[in-house]
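S.K.: What follows is a single structure, and I will ask about it in a moment.
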């Protein structure tokens, strides 16, 4: 069964600090892994998309890494801002089938 | 380009009723996917439509159905509503297939009483 596990479930950090969110997946065959940011009351917004051949991808202060061997991904946020407060969702997609598998998300709160 | 729009934004229904939600994708996008989001289950895939055909379906009962029109607009229908159907229903569009980057709408908040 395809699964995506995210940790931590929630995280509180001070503005300006860095943080790293984790995602472990068991999706076979693996096609790509996506990170989304979802603000309260809004739809998710894509941050990064990585295929199995990509190790890292950046989008501004967001950097995602992927280790296809260990089936792990991380999202690193640099110099956090108050606007980074949101839920971050990891999604793994299997090859040959469109059906995505979602993690439960990490709720990040950035305090001034 | 205008983003993905969903109507209505909020909806209150009672058990046993049926509901239809609408999604207008970004112009030029031909794939539309629907998702259910609840605090307990998170985001779950409902189905995907491409060129008016359902390409993939998630693990939801037959009470959940959808369709796509020739202009790529999509509707989702839930019949015989249950309390557990209360959720945020999100649609996302992409070009040309669901494997590409998806753009989500703001969602429809459905409350079943």
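The values are calculated or read from the model by the stated rules, or taken from the named source; none is laboratory data. Computed from a prediction, not measured in an experiment: that's the story for all the values here. Neighbour counts are summed over all protein chains in view; Cβ atoms, including those assigned to glycine, are modelled from backbone coordinates with ideal geometry.
S.K.: When the residues of the range A:17-53 are filtered to those that are more than 14 Å from chain B (Cβ to nearest Cβ) and assigned to a loop (DSSP other than H, G, I, E, B), which remaining residue is surrounded by the fewest Cβ atoms within 10 Å (Cβ to Cβ)?
M.R.: Among those that are more than 14 Å from chain B (Cβ to nearest Cβ) and assigned to a loop (DSSP other than H, G, I, E, B), it is A:53.
S.K.: Suppose we filter B:71, B:100 for residues that are more than 13 Å from the chain's Cα centre (by Cα) and within 14 Å of chain A (Cβ to nearest Cβ); which single one remains?
M.R.: Numbers: B:71 fails: within 14 Å of chain A (Cβ to nearest Cβ).
Going through B:71, B:100 in turn, just one is more than 13 Å from the chain's Cα centre (by Cα) and within 14 Å of chain A (Cβ to nearest Cβ): B:100.
S.K.: Check A:94, A:83 and return the single one that is modelled with pLDDT under 95 and more than 10 Å from chain B (Cβ to nearest Cβ).
M.R.: Exactly one residue qualifies, and that residue is A:94.
S.K.: Shifting gears a bit: Taking the range A:54-69 only, how many residues are in contact with a strand residue (DSSP E or B) (Cβ under 8 Å, 6 or more places away or on another chain), under 17 Å from residue A:33 (Cα atoms) and surrounded by fewer than 16 Cβ atoms within 10 Å (Cβ to Cβ)?
M.R.: To start, the set of residues in the range A:54-69 that are in contact with a strand residue (DSSP E or B) (Cβ under 8 Å, 6 or more places away or on another chain) comprises A:54-59, A:61-68.
Narrowing further to those that are under 17 Å from residue A:33 (Cα atoms): A:54-59, A:62-68.
Now drop any that are not surrounded by fewer than 16 Cβ atoms within 10 Å (Cβ to Cβ), which leaves A:54-56, A:58-59, A:67.
Here the count works out to 6.
S.K.: Give just the number: which of (1) under 19 Å from residue A:103 (Cα atoms); (2) crowded, with 16+ Cβ neighbours inside 10 Å; (3) free of Cβ contacts under 8 Å to residues at least 60 places away in the same chain does residue B:39 not satisfy?
M.R.: Here residue B:39 meets the rest and fails (2).
S.K.: Continuing with this model, one more query. Which strands (runs of 3 or more DSSP E) does the range A:71-112 wholly contain that include 3 or more residues that are surrounded by fewer than 19 Cβ atoms within 10 Å (Cβ to Cβ)? Steps first, answer last, please.
M.R.: On the way: elements: A:72-77, A:86-94, A:100-102, A:106-111.
The qualifying strands (runs of 3 or more DSSP E) are A:72-77, A:106-111.
S.K.: So is residue B:80 farther than 25 Å from residue A:94 by Cβ, out of contact with any helix residue (DSSP H, G or I) (no Cβ under 9 Å at 6 or more places or on another chain), more than 14 Å from chain A (Cβ to nearest Cβ) and at pLDDT 95 or above or not? Show your work before the answer.
M.R.: Numbers: farther than 25 Å from residue A:94 by Cβ: yes; out of contact with any helix residue (DSSP H, G or I) (no Cβ under 9 Å at 6 or more places or on another chain): yes; more than 14 Å from chain A (Cβ to nearest Cβ): yes; at pLDDT 95 or above: yes.
Yes, satisfied.
S.K.: Residue A:66 - would you say it is more than 8 Å from chain B (Cβ to nearest Cβ) and within 18 Å of residue A:2 (Cβ to Cβ)?
M.R.: Details: more than 8 Å from chain B (Cβ to nearest Cβ): yes; within 18 Å of residue A:2 (Cβ to Cβ): yes.
Spelling it out, residue A:66 is indeed more than 8 Å from chain B (Cβ to nearest Cβ) and within 18 Å of residue A:2 (Cβ to Cβ).
S.K.: A further question follows. Regarding the range B:51-63, can at least one residue be identified that is within 21 Å of residue B:30 (Cβ to Cβ), surrounded by 16 or more Cβ atoms within 10 Å (Cβ to Cβ), touching a strand residue (DSSP E or B) at 6+ places or on another chain (Cβ under 7 Å) and more than 14 Å from chain A (Cβ to nearest Cβ)?
M.R.: No, the range B:51-63 contains no residue that is within 21 Å of residue B:30 (Cβ to Cβ), surrounded by 16 or more Cβ atoms within 10 Å (Cβ to Cβ), touching a strand residue (DSSP E or B) at 6+ places or on another chain (Cβ under 7 Å) and more than 14 Å from chain A (Cβ to nearest Cβ).
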